[in-house]
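In what follows, a structure is listed as structure tokens, so that the remarks can point back to it.
The values are calculated or read from the model by the stated rules, or taken from the named source; none is laboratory data. Quick caveat, the model's predicted, so the values are computed rather than measured. Quick reminder, even Gly has a Cβ in these numbers, built from the backbone with ideal geometry, and neighbours come from all protein chains shown. Heavy atoms of the whole protein, side chains included, go into the accessibility calculation; ligands, DNA and RNA do not. Shrake-Rupley method; radii C 1.70, N 1.55, O 1.52, S 1.80 Å.
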Amino acid sequence: MSFVEYSECIQDSDVAIIYLGHNSVMPVKVQHGAQTQTRYGVIRHSSDLIGQRYGSKVTCSKGGWVYVLHPTPELWTVSLPHRTQILYTTDIATITMMLDLKPGSIVCESGTGSGSLSHAILRTIAPTGHLHTVEFHQQRADKAAEEFREHGVGHLVTVRNQDVCKDGFGVTGVADAVFLDIPSPWEAVGHAKAALKKHGGRLCSFSPCIEQVQRTAEALTDHGFEEINTLEVLLRVHDVRTVSLPLPDYGPDCSALEPDAMETPPPPSHASINIKTTTPPRELPGHTGYLIFATKPRT
């Protein structure tokens, strides 16, 4: 099992995603002889999971059923154990696109946090790229490194436990892109510039407060970065549903009907039609953070 390569069948020691409903998923470390409790009953790993195909429908002990899915960065984002506040798919998609990430890219990231963005980056840069991720908190760094190994992407990432604002990323002149998600990103801009390759490169910083954006933009300008811009991604999800609409009765169109058809009675006044439509949310999810992008000039 790997987050960057698809496997057909579930094996012992895999990480599988249990899909209980549209808004309810959970990760499970598959182990021979182990059991997992769900609201639909017990899932027995040896008989219900190991050897089954990913995507299978599994019946639990109470008669309810779940789907067992192959892990992906998107599913991991909505099911991972939170050690920090994480980035979600809406921001992640924008970041990976705007940083121009692709297979073979070298990326520096700080901080690692819960690894939500890290997994998306690794899937994008595989199989020949590499991620250098820095985490200030030692326990979080150790846990992230352990998860990367369990998820089959350990060979694509180097985890460092250090202060990026003081010690940098541990590499110089190799990165195609740098991502910052730290309280004081302006203090790491110099190290980010040093980590980027000599001929250009892209930088992104995520900050929840506009004051952080201002100071980071000033630091980027002072270090010679170009194309500095800031954006905020707001997602508006529409609910698709079936509604019943009454059909109005305008009476027969005498000018368009044949004489015999004019004797046909109009449809009853209570006639209706079922159609698919979408409705916007009553409340729009609010601000998550600002994304600051900049380009290192070619020298």
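If we only count strands (runs of 3 or more DSSP E) wholly inside segment 121-201, which ones have 2 or more residues that are basic (Lys, Arg)? So that I can check it myself, show each step before the final result.
Numbers: elements: 130-134, 157-160, 177-180.
Answer list for segment 121-201: none.
For segment 202-217: of the residues being closer than 24 Å to PRO297 by Cβ and assigned to a helix (DSSP H, G or I), which is most open to solvent (accessible area, probe 1.4 Å)? Outline the logic, then answer.
Narrowing segment 202-217 to residues closer than 24 Å to PRO297 by Cβ: 202-207, 212-217.
From what is left, the residues that are assigned to a helix (DSSP H, G or I) are 212-217.
Numbers: GLN212: 29, VAL213: 10, GLN214: 104, ARG215: 129, THR216: 1, ALA217: 27 Å².
In this case the residue turns out to be ARG215.
Looking at segment 160-186 only, could you name the residues that are without any contact (Cβ under 8 Å) to a residue 40 or more places away in the chain and acidic (Asp, Glu)?
Within segment 160-186, ASP163, ASP167 meet the criteria.
Among what's in segment 218-234 and is among the polar types (S, T, N, Q) and under 18 Å from LEU99 (Cβ atoms), pick the residue that is surrounded by the fewest Cβ atoms within 10 Å (Cβ to Cβ). It would help to see each step written out before you state the result.
First, the residues of segment 218-234 that are among the polar types (S, T, N, Q): 221, 229-230.
Filter once more, so that each one left must be under 18 Å from LEU99 (Cβ atoms): 229-230.
Values: ASN229: 11, THR230: 16.
So, considering only residues that are among the polar types (S, T, N, Q) and under 18 Å from LEU99 (Cβ atoms), the one surrounded by the fewest Cβ atoms within 10 Å (Cβ to Cβ) is ASN229.
What residue, among those in segment 93-111 that are open to solvent by less than 10 Å² (accessible area, probe 1.4 Å) and of a type outside the set (D, E, K, R), is farthest from GLU146 (Cα to Cα)?
So in segment 93-111, the residues open to solvent by less than 10 Å² (accessible area, probe 1.4 Å) come out as 95, 99, 105, 107-110.
From the residues that got through so far, the ones that are of a type outside the set (D, E, K, R) too are 95, 99, 105, 107-108, 110.
Values: ILE95: 25, LEU99: 27, SER105: 23, VAL107: 20, CYS108: 19, SER110: 17 Å.
Going through the qualifying residues, I end up with LEU99.
Report the residue count in segment 273-299 for those that are in a loop (DSSP other than H, G, I, E, B), over 19 Å from the mean Cα position of the chain (by Cα) and of a type in the set (Val, Ile, Thr).
Selection size over segment 273-299: 1.
Considering only segment 78-126, state which residues are out of contact with any Gly (no Cβ under 7 Å at 6 or more places or on another chain) and among the hydroxyl-bearing types (Ser, Thr, Tyr).
SER79, TYR88, THR89, THR90, THR94, THR96, SER110, THR112, SER114, SER116, SER118, THR124
I'd like to verify a number: residues in segment 146-175 that are open to solvent by 20 Å² or more (accessible area, probe 1.4 Å) and out of contact with any Gly (no Cβ under 6 Å at 6 or more places or on another chain), how many? Give the derivation first.
Taking segment 146-175 first, the residues open to solvent by 20 Å² or more (accessible area, probe 1.4 Å) are 146, 149-150, 152, 154-155, 158-163, 165-167, 170-174.
Checking the rest, the ones that are also out of contact with any Gly (no Cβ under 6 Å at 6 or more places or on another chain) come to 146, 149-150, 152, 154-155, 158-159, 161-163, 165-167, 170-174.
Count: 19.
Please tell me if LEU69 is within 17 Å of the chain's Cα centre (by Cα) and without any contact (Cβ under 8 Å) to a residue 60 or more places away in the chain. It would help to see each step written out before you state the result.
Numbers: within 17 Å of the chain's Cα centre (by Cα): yes; without any contact (Cβ under 8 Å) to a residue 60 or more places away in the chain: yes.
Against the criterion (within 17 Å of the chain's Cα centre (by Cα) and without any contact (Cβ under 8 Å) to a residue 60 or more places away in the chain), LEU69 qualifies.
Which of the following residues is over 21 Å from VAL213 (Cα atoms) and of a type in the set (Phe, Trp, Tyr): PHE169, PHE179?
Working: PHE179 fails: over 21 Å from VAL213 (Cα atoms).
After applying the criteria, what remains is PHE169.
Let's see how each residue does on (1) open to solvent by 90 Å² or more (accessible area, probe 1.4 Å); (2) modelled with pLDDT under 90; (3) under 30 Å from VAL134 (Cβ atoms):
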{"site": "ARG236", "(1), (2), (3)": "yes, yes, no"}
{"site": "TYR250", "(1), (2), (3)": "yes, yes, no"}
{"site": "ASP260", "(1), (2), (3)": "yes, yes, no"}
{"site": "GLU263", "(1), (2), (3)": "yes, yes, no"}
{"site": "PRO266", "(1), (2), (3)": "no, yes, no"}
{"site": "ARG282", "(1), (2), (3)": "yes, yes, no"}
{"site": "PRO285", "(1), (2), (3)": "no, yes, yes"}
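Provide a single number: the residues in segment 195-234 that are modelled with pLDDT under 95 and at positive phi.
1
If a residue has to be out of contact with any Cys (no Cβ under 8 Å at 6 or more places or on another chain) and open to solvent by less than 40 Å² (accessible area, probe 1.4 Å) to count, how many in segment 177-195 make the cut?
Residues that pass the stated criteria total 3.
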